[in-house]
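Please read the structure below before turning to the comments.
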Amino acid sequence: MSPDEGPVEIVVCLGSSCFARGNSENLALINSHVQSHGLKAMVRMTGKLCQDECMQGPNLSIDGEVYHGVTPARLLGLLEQLGGPDRGQHGTS
Ligand code: FES
């Protein structure tokens, strides 16, 4: 993403099924990743209610692209692709 494209929009399903299946953990992971990578200005996170796709959960979307069965490891991979102010300096801690 380039700075002029606006913030990345991450929408997390907060329905009870997705939340119990892993979005509770995913939410915490997004928050900590955004903070530790200084991405606050380039990520906008919102929640949504159940979209009747519970069986495929936990579900979330990034810039309109919907992801199903999002494990923390997969989410981390997606978040790493966002880059950020410290791009290229990952893994130094
Ligand atoms: S709880 Fe997420 S789709 Fe139903």
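The values are calculated or read from the model by the stated rules, or taken from the named source; none is laboratory data. Note that the structure is a prediction, hence the values are computed from the model and not measured. Cβ atoms come from the backbone with ideal geometry, glycine included; neighbour counts cover every protein chain shown.
Key figures for this structure:
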read-out	value
Test: A41 is touching a Pro at 6+ places or on another chain (Cβ under 8 Å) and surrounded by fewer than 14 Cβ atoms within 10 Å (Cβ to Cβ)	yes
Some residue of the stretch 15-33 being under 14 Å from the mean Cα position of the chain (by Cα), buried (at least 17 other Cβ atoms within 10 Å of the Cβ) and either at positive phi or modelled with pLDDT under 95 (or both)	yes
Residue count, the stretch 2-30 (criterion: free of Cβ contacts under 8 Å to residues at least 12 places away in the same chain, away from the ligand (no atom under 16 Å from the Cβ) and part of a helix (DSSP H, G or I))	3
Residue selected from the stretch 44-67 under the condition over 12 Å from the mean Cα position of the chain (by Cα) and surrounded by 14 or more Cβ atoms within 10 Å (Cβ to Cβ), by the criterion nearest to E9 (Cα to Cα)	K48
